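What follows draws every value from the coordinates through simple rules; no lab data is involved. Just so you know, these numbers come straight off a predicted model, no measurement behind them. Here the Cβ positions follow ideal geometry from the backbone for every residue, glycine too, while neighbour counts run over all protein chains shown.
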Amino acid sequence: MEKRLLFLINPKAGQKRANRHLTDIIEIFNRAGYRVITHVTAASGDAKQVILKLAQEVDLVVCCGGDGTFNETLSGVLSSEKKLPIGYIPAGSTNDLANSLGLSSNVLKAAKSIAEGMPMELDVGEFNGRYFSYVASFGLFTKTSYDTPQELKNALGHLAYLLNGIQEISQIKTYPMHITLSDGTVIEDHFIFGAVSNSTSFGGVLTLAKDRVDLCDGKLEIILIRAPKDFLELADCVRAMQQQTYDNPMITFVSTDALSITAPSCPDWTLDGEKEQGKVDIQIRCLHKAIQIYRKK
């Protein structure tokens, strides 16, 4: 029986390198026995709507783009009535999730890994009903992920985040929060940065120790950085993060399957690099083994 594949490509992602290999990518899937339905995304939310429309007609969804494109794809799959496996060809400027999964940055190799590979189960985060694949974050450096122009991301990559982030150092904002974990643990303080993630890296700026992160353990990792008294304390925090020790009184690093947050100042968040309006009350939970994603055997 013929297999059908929905192929979604974001033509503006990264340096647009995937566009040059479109026919080669389709040929790889054709040789693997798939009849390919190709859709070039034209606007935000486009990928999700196409999946909802065609979910019952296909056996696999493959997206080619950045973290935002993958976020739309998993949102479409989780919102549909059919739990379709997903293939991901990373072609964005950062590709945090792809780096955590060990996916090839070469679009043709990534396509072959999908065609020849096996699906693995992956946890997904849910933020007040909205899905995220690898991180929900607020505070220092966070706003740069959606304020940095795409052209600058394409030209500078990770450096773009750092250059834009430095402009924020002199005006560090702090956010009072009351956080309750699923086991009853309460964390309350003023924070300059926070991230709830299922990834070993995010924003191209911070990385987590791989032995501390399991992408399918039913838990999300939480990193919180308290407001420093001076730049010396901030430097100590940065050093601890770079060394992946987290043994600093300014840093909280824990894992949980769910948490609730009360944030009176309503900081804006980013979910997989896309802006999310801040709210006072926030509920975040881990959806254990919510999706299947293809990777190399």
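Per-structure values
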| read-out | value |
| --- | --- |
| Long-range HN-HN contacts of Arg295 with modeled amide H, under 5 Å | Met118, Met120 |
| Under-5 Å amide H pairs with Phe132, H placed in peptide plane, nonlocal only | Gly125, Glu126, Phe127 |
| With eigenvalues of the C-alpha gyration tensor scaled by 5 and rooted, the chain, Å | 34, 20, 17 |
| Theoretical ellipticity at 222 nm over the chain - DSSP helices of four or more residues, -39500 (n - 2.57) apiece, nearest 500 | -8000 deg cm²/dmol |
| For the range 25-34, Karplus couplings with θ = phi - 60° (6.51, -1.76, 1.60), whole Hz, Gly/Pro x | 5, 4, 4, 4, 6, 4, 5, 7, x, 9 |
| Candidate lysines for bridging to Lys219, where Cα separation is under 28 Å - those fewer than 8 sequence places away on the same chain excluded | Lys48, Lys82, Lys83, Lys143, Lys210, Lys275, Lys279, Lys289, Lys296, Lys297 |
| Distribution of pairwise C-alpha distances over the range 3-116, 10 Å bins, in % | 16, 52, 32, 1 |
| Ranked by how many other beta carbons lie within 10 Å on average, peptides 117-126, 184-193 from highest | 117-126, 184-193 |
| Relative contact order (%) - the range 201-297, alpha-carbon pairs under 8 angstrom, separation at least six | 28 |
| Percent of beta bridges antiparallel (DSSP, the chain, rounded to nearest 5) | 75 |
| Order by protection proxy (mean Cβ within 10 Å, highest first), peptides 247-258, 127-138 | 127-138, 247-258 |
| Mean Cα-pair separation over length for the range 3-116, i.e. relative contact order, pairs under 8 Å, 6 or more apart, % | 32 |
| The chain, relative contact order [Cα under 8 Å, separation at least 6], % | 22 |
| Residue exposure sequence - His178, His21 - by fewest surrounding Cβ within 10 Å | His178, His21 |
| All aspartates and glutamates inside 17 Å of Lys109 as judged from Cα atoms, apart from same-chain residues fewer than 8 positions distant | Asp24, Glu27 |
